[in-house]
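Every number here is computed from the coordinates shown, using simple stated rules; none is lab data. Predicted model only: the values in this text are computed from it and were never measured. So basically every Cβ, Gly included, is an ideal-geometry build from the backbone, and we count neighbours across all protein chains shown.
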């Protein structure tokens, strides 16, 4: 019985750690017209114009550029007024897309583990 409580406690700690580590709110880096950190962007009517919201001021701008000039996985560093790559991505040495893929796999594994544990609990009755 003590082993089961220890197992649940370890699982809870690992789950909380992974949930806290998965918080990656990304801004985007716009590499056209200088490096600008933007919060969001939108494209209307398949045109070459992209509406962006700048991170440092919140103002809306319109640039004539392509989506290939927008890179995810950055954050706005207000004290230094720079747009930097996420430290988690630097530490892991992966791209933003790879990070999201791994978090998706982790979610599937955790969901499958939860499903199996529910089947074991209710399968005994």
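Results, tabulated for the structure shown:
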read-out: Residue 60/residue 108 FRET efficiency (R0 35 Å; Cβ-Cβ; nearest 0.05); value: 0.40
read-out: Estimated FRET transfer efficiency (residue 41, residue 100; beta-carbon r; R0 25 Å; 0.05); value: 0.90
